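Novice: Can you read through this structure? Questions will come right after.
Read the figures in this text as sums done on the coordinates, not as results from a lab. Predicted, not measured: the structure shown is a model, and the values here were computed from it. Ideal geometry is used to build each Cβ from the backbone, glycine not excepted, and the neighbour counts take in all protein chains shown.
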Amino acid sequence: MIEVNDLHVSYGQSEVIHGVNLEAKEGQIVAIMGRNGMGKTTLFKSLMGVIRSTSGSIKVGGVDVTKMPSYKRVKQGIAYVPQGRMIFPSLTVWENLLTGLEGSRTGKFPTDIFTLFPVLAEMKTRRGGNLSGGQQQQLAIARALAAEPKVLLLDEPTEGIQPSVIKDIAQVLLKVRDSRRITIIVSEQVLSFTMEILDRLLVIEGGRFTADEPRDKVDVGEVRRLLAV
Amino acid sequence: MSLNEVGSMIAMQGFSGLSLFTVLLLMALGLAIIFGQMGVINMAHGEFMAIGAYVVYLFSQLTQNYAPGLREVYFVPAVVAAFFVAGAVGYVVEMLLIRRLYKRPLDTLLATWGLSLAMQQFFRSFINPKEVSAELPEWLLGAFNPTPSIQVPRNGIFVMGLTILVSAGVYLLMLKSRWGIRIRATTQNRVMSSAVGINTDRVDRFTFALGCGIAGLAGAAFTTIGSTGPTSGSLYIVDTFLVVVFGGAANLIGTIASAFSIAQAQSLLEFFLTSAMAKVLTLMTIIVILMIRPQGLFTNKLRT
Ligand SMILES: Nc1ncnc2c1ncn2[C@@H]1O[C@H](COP(=O)(O)OP(=O)(O)OP(=O)(O)O)[C@@H](O)[C@H]1O
Ligand SMILES: [Mg+2]
């Protein structure tokens, strides 16, 4: 569903992503784990077109999106939940969700959104900025799902969120993986959450993937050691 | 002067202030929309107003020469055309000029200032170096008298109605339409807007065109109270900046209140003093108020 080939990304002169390869199939949750500053956000931003890559290619559903601006990539089927959520604070919850439709190919609001996020249904007319952090995170995910993407990118969705909401988010991700058969790529530092949802684990260190294991091969002790350094 | 006469005078001066108010408000609305959306201060905004006024003038000329029978009806389509012509010119200007300068606010200032000079020269060379006036239909001329000593000019009522219509339209567009959501989302977070699938370049172009179109409407309204020359727009641009700065760029109510107080103050003072003195007094009052309440100023917002 998404295919990344030899991707390099730099900030000015300093290269941060050094030739990343990644292929993820539909209906698969791929977790990318790595410590602070290892390049997770940079990788996601370049997949989304928020920053340019210096070389390499990105394909979504067979279409090369490497040169496209963000909004065109959304039309090709990538949706993005950035680190720090980045909802539109002065728009209402409902208006935030409508912005998600901008990238939708059908243009219709998916009926299951409010079933997945009942808390948002109660707060439709509230301003996004007045929601709690956990509610904002759910709104950011719902906004991305409103576009009915083929590939969903989530950058540290559990950062600063209480355990009960983390559990809800895990359930939602598993549900949409199964009901919509989409590819989910999620970066994380919280091991318990990641282990609950992943089908496959990638470890990123210094802008390179240093491990790639399917769910049943993941050695939790080893990963914990890697993240703890 | 009896007390009654003073009352009538204030009322009538107040009504003439209303016409100025509506023109200033429409101008400020367009300027503030563009500034709020993309941090561009459009120094050529006054010339877009002139475009609107010239469109009405051209319509009036064409009607007079080719279809004098339509004199009573040409005005309304002319107002609509003023909006679309000014908007279309704005659209092209955004595409050729503004778009390339977004990350350089000072260059934008300079470029739009140059554009305003070029447009003035264009008016001088291709339309008329002297002031021109549109031939107004009968129903815009004269006044009616609610009391024997007060006369309310009809053109004032017309521009008032036009302004209310436009303000309501802008309000609905911004708060109730998908375009409004796109515009507000882009204003708040340009990068994220693109990442949810909004074509932010198109939103910019549309917004710039909309702001220029509203300036064109201001120009159309202006034809009912004055004659138009190549530099008419630039005479209004300073007052418009005053309105926006005084009211705060971000909110509609502030813009309305500030356009109202500036226009009324000037028109009432003009009755007692020369118009230059009226301007000086208004300006000084605004400076004093801004010293006490600086949040009326532009918020420092740049593109990220
Ligand atoms: N705008 C920037 N300009 C220059 N260097 C940057 C910029 N943004 C990030 N970097 C650098 O790139 C590297 C990777 O940063 P990135 O934000 O991708 O890490 P991350 O894995 O997402 O970290 P975290 O877990 O803290 O979110 C870091 O060394 C960081 O200092
Ligand atoms: Mg990060």
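Novice: Relative to the longest principal axis of chain A, what angle (0 to 90°, nearest 10) does the C-alpha long axis of helix A:133-146 take?
Specialist: The angle comes out near 90 degrees.
Novice: Same structure, new question: Bins of 10 Å, beginning at zero and ending with the bin holding the largest distance: percent of Cα pairs per bin for the protein assembly as shown, please.
Specialist: Per 10 Å bin, starting at 0, the Cα pair percentages come out as 4, 16, 22, 19, 14, 12, 8, 4, 1, 0.
Novice: In the calculated pair distance distribution of the stretch B:79-143, what percentage of Cα-Cα distances lie above 19 Å?
Specialist: Looking at the stretch B:79-143, the distances longer than 19 Å represent 53 percent of pairs.
Novice: From the residues B:Gly36, B:Phe122, B:Ser2, which one has its Cα farthest along the dipole of chain B in the positive direction, the dipole being from +1 and -1 charges on Cβ of Lys/Arg and Asp/Glu about the Cα centre?
Specialist: Checking the options against the dipole of chain B, the answer is B:Gly36.
Novice: Taking a ≥ b ≥ c as the square roots of the eigenvalues of the Cα gyration tensor of the stretch B:10-153, is the shape rounded (a/c under 1.5), prolate (a/b larger than b/c) or oblate? Mind dumping the intermediate values first?
Specialist: On the way: a/c = 2.57, a/b = 1.54, b/c = 1.67.
Verdict is oblate for the stretch B:10-153.
Novice: Hey, another quick one. Suppose only helical runs count, i.e. DSSP H with n ≥ 4. What mean residue ellipticity at 222 nm does that imply for chain A under -39500 (n - 2.57) per run, divided by all residues and rounded to the nearest 500 deg cm²/dmol? All intermediate terms of the calculation are to be shown ahead of the outcome.
Specialist: Working: 9 runs with 82 residues, N = 229.
One gets -10000 deg cm²/dmol as the mean residue ellipticity at 222 nm.
Novice: Next up: Using Cα springs under 10 Å in a Gaussian network model of chain B, which residue among B:Leu162, B:Leu269, B:Leu25 shows the largest mean-square fluctuation?
Specialist: In the Gaussian network model the winner is B:Leu269.
Novice: Among the lysines, which fall within straight-line cross-link reach of A:Lys67, defined as a Cα-Cα distance under 23 Å, with same-chain neighbours fewer than 8 residues apart omitted?
Specialist: Cα-Cα hits under 23 Å: A:Lys25, A:Lys40, A:Lys45, A:Lys59, A:Lys75, A:Lys150, B:Lys103.
Novice: Further question on the same structure: Determine, for B:Trp113, B:Trp139, the number of other Cβ atoms within 10 Å of each Cβ, and report the residues in order from fewest to most. Mind dumping the intermediate values first?
Specialist: Numbers: B:Trp113 15, B:Trp139 12.
If I rank by nearby Cβ atoms, fewest first, I get B:Trp139, B:Trp113.
Novice: Among A:Phe114, A:Phe209, A:Phe44, which one shows the highest mean-square fluctuation when chain A is modelled as a Gaussian network with alpha-carbon springs under 10 Å?
Specialist: A:Phe114
Novice: Can I ask one more? Taking the Cα centroid of the stretch B:5-73 and of the stretch B:127-152, what is the distance between the two, rounded to the nearest whole Å?
Specialist: When both Cα centres are located, 13 Å separates them.
Novice: Which stretch or stretches of the stretch B:113-138 have amide N atoms under 14 Å from the point lying 7 Å from B:Ser227's Cα along the Cα→Cβ direction?
Specialist: B:128-136
Novice: What is the helix-to-structure angle for B:178-188, meaning the angle in degrees between its Cα long axis and the longest Cα principal axis of chain B, kept from 0 to 90 and rounded to the nearest 10?
Specialist: 70 degrees
Novice: Assuming R0 = 45 Å, can you tell me the calculated FRET efficiency for the pair A:Glu205 and B:Asp201, based on Cβ-Cβ distance, to the nearest 0.05?
Specialist: Values: r = 37 Å, r/R0 = 0.83.
With a Förster radius of 45 Å, E is 0.75.
Novice: How many angstrom separate the Cα center of the stretch A:27-93 from the Cα center of the stretch A:148-226?
Specialist: What the calculation gives is 15 Å, centre to centre.
Novice: Within 10 Å of each Cβ of B:196-205, how many other protein chain Cβ atoms are there on average?
Specialist: Working: counts 21, 19, 6, 7, 3, 2, 1, 0, 0, 0.
Average per residue, whole number: 6.
Novice: Put one equal scatterer on each alpha carbon of chain A, apply the Debye formula with no solvent term, and list log10 I(q)/I(0) at q = 0.08, 0.15, 0.18 1/Å to two decimals.
Specialist: So the normalised log intensities work out to -0.27, -0.99, -1.42.
Novice: Quick one: angle between helix B:154-176 and the longest Cα principal axis of chain B, in degrees between 0 and 90, rounded to 10, please.
Specialist: That works out to roughly 20 degrees.
Novice: Could you point to the residue in B:Thr147, B:Ala209, B:Leu175 farthest towards the positive end of the stretch B:17-233's charge dipole, with +1 and -1 charges on the Cβ of Lys/Arg and Asp/Glu respectively?
Specialist: Positive-most Cα among the choices belongs to B:Leu175.
Novice: Provide, for q = 0.10 Å⁻¹, the log10 of I(q)/I(0) from a solvent-free Debye sum over equal Cα point scatterers in chain B.
Specialist: Computed log10 I(q)/I(0) values: -0.56.
Novice: Using just the helices of chain B, give the 222 nm mean residue ellipticity in deg cm²/dmol: DSSP H runs with n ≥ 4 each add -39,500 (n - 2.57), and the total is spread over all residues, rounded to 500. Could the numbers behind the result be given before it?
Specialist: Values: 11 runs with 220 residues, N = 304.
Estimated from H runs of four or more residues: -25000 deg cm²/dmol.
Novice: Calculate the mean, over all residues of peptide B:183-193, of how many other protein chain Cβ atoms lie within 10 angstrom of the residue's Cβ. List each step's numbers first, then the result.
Specialist: Working: counts 0, 5, 8, 2, 2, 8, 5, 0, 7, 11, 6.
Whole-number average of other-chain Cβ neighbours for B:183-193 is 5.
Novice: Please report the relative contact order for chain B, taking Cα pairs under 8 Å with a sequence separation of at least 6, and give it as a percent rounded to a whole number. Write out the running numbers ahead of the final one.
Specialist: On the way: 461 pairs, mean separation 110.0, N = 304.
Answer for chain B is 36 percent.
Novice: Now, a different point. Ordered by packing density, taken as the mean number of other Cβ atoms within 10 Å over each peptide's residues, highest first, how do B:98-111, A:66-79 rank?
Specialist: Values: B:98-111: 14.9, A:66-79: 21.2.
Result, highest mean first: A:66-79, B:98-111.
Novice: Quick one: order A:Glu222, A:Glu3 by neighbouring beta-carbon count within 10 Å, fewest to most. Please report the intermediate quantities before stating the final value.
Specialist: On the way: A:Glu222 12, A:Glu3 15.
So the residues, fewest neighbours to most, are A:Glu222, A:Glu3.
Novice: Classify the stretch B:110-247: rounded, prolate or oblate, from the alpha-carbon gyration tensor (a ≥ b ≥ c, eigenvalue square roots; a/c under 1.5 rounded; otherwise prolate if a/b is larger than b/c)? Walk me through the intermediate numbers first.
Specialist: Numbers: a/c = 2.65, a/b = 1.47, b/c = 1.80.
Note, shape of the stretch B:110-247 comes out oblate.
Novice: Additional query: For peptide A:90-103, what's the mean number of Cβ atoms from other chains within 10 Å of each residue's Cβ? List each step's numbers first, then the result.
Specialist: On the way: counts 4, 5, 1, 0, 1, 6, 3, 0, 5, 11, 2, 4, 10, 5.
Other-chain Cβ atoms within 10 Å of each residue's Cβ, averaged: 4.
Novice: Which of B:Ser19, B:Ser234 has the fewest other C-beta atoms within 10 Å, and how do the rest follow up to the most? The partial results should precede the final answer.
Specialist: Values: B:Ser19 24, B:Ser234 21.
The most exposed by this proxy come first: B:Ser234, B:Ser19.
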